[in-house]
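Below is one structure, written out as structure tokens; comments come after it.
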Protein chains: 2
Amino acid sequence: MTTTGEGTDHRAPSGPSATAADLPAATVRRLPEYLRALSSLGEAGVETVSSETLAAATGVNSAMLRKDLSQLGASGMRGVGYNVAALAAYIAGVLGLTKDSRVAIIGLGHLGQALARYPGFSERGFDIVGLFDADPGIIGKDLDGILVRDVALLAGAIRDEGINIGVIATPGAAAQHVADLLVDAGVTSILNFAPCVLAVPQGVAVRKVDLAVELQILSFHEHHKTIGRTNTDVKQQSRRPLAET
Amino acid sequence: MTTTGEGTDHRAPSGPSATAADLPAATVRRLPEYLRALSSLGEAGVETVSSETLAAATGVNSAMLRKDLSQLGASGMRGVGYNVAALAAYIAGVLGLTKDSRVAIIGLGHLGQALARYPGFSERGFDIVGLFDADPGIIGKDLDGILVRDVALLAGAIRDEGINIGVIATPGAAAQHVADLLVDAGVTSILNFAPCVLAVPQGVAVRKVDLAVELQILSFHEHHKTIGRTNTDVKQQSRRPLAET
DNA sequence: TGGTGTGAATGACTTCACAGCC
DNA sequence: GGCTGTGAAGTCATTCACACCA
């Protein structure tokens, strides 16, 4: 991420066997991209694809793609390529997309409402089964058939409804409290849109998406592109001490 | 990244001088986080902060924070720490946040509308000055005081209104076309929420945020946590060829 | 004493280049 | 001939450890 943004890495506390669980984080980040490209190809009727073609469709180097797939345990056919449908199914299996995940969204301001209605989630196997907010003005509202409930009911719903992923879209000040509620109720995967760092116990995976951060990174590039043409250079200014005694 | 999602790196086509423009990408990604933490501290009345404390607030190692700041040309005071206000101003300068950026959002479905209303953008110096869509049912709508215009007017608006960042929130099928419009009109920074890889000329910075990708990464961790307790292991299954002759 | 600045060591990721197989 | 699978090399990023300074 973002980056997306970058997420806290989960490190298995007691993983004895070397499994697919310890794939490099960088590889895991790319798997969803491969999957998306494979879906497109499949819909277009393509049956077989070379690493070169698939890599181009996902913006990576073909050697990296081959290495990624090789690490997964997937394999192609020399001189031929990869079977699109089989590879897609294989990657979906590694990502755990064979069974649908059950998602709760907490915080239904503009962003949370957009997330609740975003079709891309259900399309890719994520069922949004719970919406929660603390604002009485929003509780009770119906968003595309799902009722917004009081956040006080969150813990119970997590247990009763098998929710295993929590999406935090609250203001920053409320985010840590919500994260604590999620963790206490047994959720071990959190997607955080609030602009703050969450403290969670080991074994809980947190990924963070901060929309403003992405714009600031673009701003950096924008700024230093123009600087290349002018003369102002931050690095060559003499260093000013940034603390006083 | 997060988002995070990962963005295409900009590589200056003809950068002669070694400036702040070629900071490591990893460092640039962290600067907005430092800035956010510094803002919090500043509002809390803190005047000076150690690398240890600031690192904890941003979830990084303190040595890395010091190295990042050192690369920027910012410096603290040994035995004291960094001056919060001065460091924040310095990082804002490096990120190019001293002058506000002018942003257009193209595609005003649920996500685009949420972005248009997201207060975090204007709070951090990004002025949303243009909203564009192709759907006549949305064109003409007023979103918090900004009119949604026909995307046919995009190129003219970019030139007349000094827009320098484009945010694409259209469906995937339209995204490349919109990107071409942006690039042709001179925009060199694009934030892409559509689930597809954009082709752009060198010198144009693209960052991609795919919300479903983040959930799929969480799904991976979720899946392999439970696998650790059961016996099914993808890696140890015998390799099946994924292409047929 | 407390905390920065930074070489050196480690580790992670990516690319190259090519052997081997279909 | 074409394409995969993978050691080896190269690049980039992070952490360690400590000299140095207020």
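Data overview
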{"quantity": "Pairwise centroid distance, computed over Cα atoms, of the stretch B:42-118 with the stretch B:146-211, Å", "calculated": "26"}
{"quantity": "The stretch A:22-95 shape via C-alpha gyration tensor axes, a/c threshold 1.5", "calculated": "rounded"}
{"quantity": "Karplus 3J(HN,Hα) series, Hz, for the stretch B:161-174 with 6.51 cos²θ - 1.76 cosθ + 1.60 (x for Gly, Pro)", "calculated": "10, x, 6, 10, 10, x, 10, 9, 10, 8, x, x, 5, 8"}
{"quantity": "With all protein chains modelled, accessible area of residue B:110 [1.4 Å, Å²]", "calculated": "90"}
{"quantity": "Rounded to the nearest 10 Å², the accessible area of residue B:67 at probe 1.4 Å", "calculated": "140"}
{"quantity": "For residue A:189, distant residues with modelled amide H under 5 Å away", "calculated": "A:166, A:205"}
{"quantity": "Other-copy label distances relative to residue A:134, 7 angstrom Cα-Cβ extension, nm", "calculated": "4.2"}
{"quantity": "Leading residue at positive end of dipole, the stretch B:53-201 (Cβ point charges), from B:192, B:119, B:85", "calculated": "B:85"}
{"quantity": "Label geometry 7 Å along the beta-carbon vector: residue B:46 inter-copy distances in nm", "calculated": "5.0"}
{"quantity": "Total accessible surface hidden between B and A, rounded to 100 Å², 1.4 Å probe", "calculated": "8800"}
{"quantity": "In sequence order, calculated HN-Hα J values of the stretch A:203-215 (Karplus, 6.51, -1.76, 1.60; Hz; x Gly/Pro)", "calculated": "x, 9, 8, 10, 10, 10, 10, 10, 5, 5, 4, 4, 5"}
{"quantity": "Rotationally averaged projected area of the stretch A:53-104 (alpha carbon convex hull; nm²)", "calculated": "4.6"}
{"quantity": "Pseudo-label separations to other copies for residue A:184 - Cα-to-Cβ vector, 7 Å, nm", "calculated": "5.7"}
{"quantity": "Shape category assigned to the stretch B:140-199 from the gyration tensor of Cα positions, a/c cut at 1.5", "calculated": "oblate"}
{"quantity": "Whichever aspartates and glutamates have a C-alpha closer than 15 Å to that of residue A:208, once near sequence neighbours (fewer than 8 apart) are set aside", "calculated": "A:6, A:9, B:6, B:33, B:210, B:214"}
{"quantity": "Å² of accessible area per residue within the stretch B:20-95, as computed with a 1.4 Å probe and no ligands counted", "calculated": "42"}
{"quantity": "Cα radius of gyration and Dmax for the stretch B:57-155 (Å)", "calculated": "19.6, 62"}
{"quantity": "Efficiency of FRET from Cβ geometry, residue B:129 and residue B:40, R₀ 30 Å, rounded to 0.05", "calculated": "0.60"}
{"quantity": "Accessible area (Å², 1.4 Å probe, nearest 10) - residue A:53", "calculated": "80"}
{"quantity": "Relative counts (whole %) of C-alpha pair distances in the stretch A:99-223, using bins that are 10 Å wide", "calculated": "13, 45, 32, 8, 2, 0"}
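The values are calculated or read from the model by the stated rules, or taken from the named source; none is laboratory data. What you see is a predicted model; the values in this text were computed from it and never measured. Please note: Cβ atoms are built from the backbone with ideal geometry, for glycine as well, and neighbour counts cover all protein chains shown. Accessible surface areas use protein heavy atoms only, side chains included; no ligands, DNA or RNA. Shrake-Rupley method; radii C 1.70, N 1.55, O 1.52, S 1.80 Å.
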